[in-house]
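No lab work stands behind these numbers, since they all come straight from the coordinates. None of the values given here were measured: they were computed from a predicted structure. Ideal geometry is used to build each Cβ from the backbone, glycine not excepted, and the neighbour counts take in all protein chains shown.
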Amino acid sequence: MEAVIPYWQQPVLRVGGLALPAFGILVVAAVLVGRWIALRRARRFGIDPVEISSMCVWMITAGFIGAHLVKTILPDIPTFLAHPLPTVFVRGGIASMGGFGGGLLGGILFCRRRGLSNLETFRWLDIVAYAVPASFMFGRLGCALAHDHRGVATASWIAVRFPEGPRYDLGLIEFLFLIALAALFYQLGRKPRLPGFFFGMLGVVYGLFRVWLDTLHIQPLRFFGGALTCAVGLAGWAAMAWFARRQPPAPRQAGSRGPQPGPSTPAAQPHPSRRRRSAT
């Protein structure tokens, strides 16, 4: 018998007559964790957490709308064109790449309504991007428990023994990847970074991972979502560099050749002989 991961039924929490599947509970947990991380980071950089919280509401709402539209429309565009309303409102499901696109659009619209500059919009989006891996990790754990992302058949050590035989569970693989990505973001986030650093890294690293993950999918290869996410991340890094070049240099005192005193750098004291000469 191959050494593979056992298959388990999705846990269900029963409260009275209400059945709450693990997937739904973990999606709620993902939203709450992502919001909590974004608010903490906003406070660290002096941004009003109430405004970031409102931005999160816009992005989450737009993200779920985008995720549903992509899931229901893209797989069968001719059916949508022939019967648009039944296609959108009768079919169910969500697609993560549509969630990313919808969330990004919602965040940009929110910042436009608040009258933020392009740089501030980028800074706020970067704060939310920092929270995405840890947040999305909970959602993918829900996918792993629901087994709703079957991969190709395999005898690999990370295969899950599905009823039809061992195969990759793509939700489980992505969950493990997001644990590592969230830990990497945490370590990198301990030092100040340019606005857009995490926005670009999220797009590039996650996009490349999704391109690879789609090679394990049972459906026809579809690299568009991952490639587009990677392109958005590269554009984010390009914008980061552009904004950094446009920032005015820190002011220096006349004749200064070294760094100016800051909060963690005590000001240099004049030599005693200089003080005596100045006193005379």
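Below are the figures for this structure:
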quantity	calculated
Cβ-based net charge around residue 196, under 10 Å, with every Lys or Arg adding one and every Asp or Glu removing one	+1
Positive dipole terminus of the range 23-244, leading residue within 184, 232, 47 (C-beta point charges)	47
Alpha-carbon spread of the range 53-200, three principal axes, descending order, Å	53, 46, 20
Positive minus negative residues near residue 142 (Lys, Arg vs Asp, Glu; Cβ under 14 Å)	-2
Relative exposure of 51, 164, judged by other C-beta atoms within 10 Å (fewest first)	164, 51
Shape of the range 1-128, Cα gyration tensor, a/c cut at 1.5	oblate
Separation in nanometres of the label points that stand 7 Å from Cα toward Cβ, at residue 162 and residue 114	4.2 nm
Part-to-part distance (alpha-carbon centres) for the range 109-180 and the range 21-82, which is given in Å	12 Å
Total formal charge among the other residues, if their Cβ is under 9 angstrom from that of residue 218, Lys/Arg +1 and Asp/Glu -1	+2
Extension gain, residue 5 back to residue 208 (0.36 nm per residue minus Cα-Cα distance, nm)	70.5 nm
Cα-centre dipole for the range 23-244 with unit charges at Cβ (Lys and Arg positive, Asp and Glu negative), debye to 20	540 debye
Relative contact order (percent, whole number), the range 1-94, Cα cutoff 8 Å, 6+ residue spacing	16 percent
For the range 154-242, alpha-carbon Rg relative to the globular expectation (2.2 N^0.38 Å, N residues)	1.31
Student exercise, the range 139-185 dipole from Lys, Arg, Asp, Glu Cβ charges, in Debye to nearest 20	60 debye
Sites matching trypsin sites (Lys or Arg not before Pro) across the range 71-142 that sit in DSSP coil, with at most 16 neighbouring C-beta atoms within 10 Å	91, 114
Virtual spin-label span in nm between residue 242 and residue 44, 7 Å along Cα→Cβ	2.7 nm
Top positive-direction residue, dipole computed over the range 74-195 with Cβ charges, set 152, 175, 124	124
Stretchable slack from residue 79 to residue 190, in nm (0.36 nm times residue separation minus alpha-carbon distance)	35.1 nm
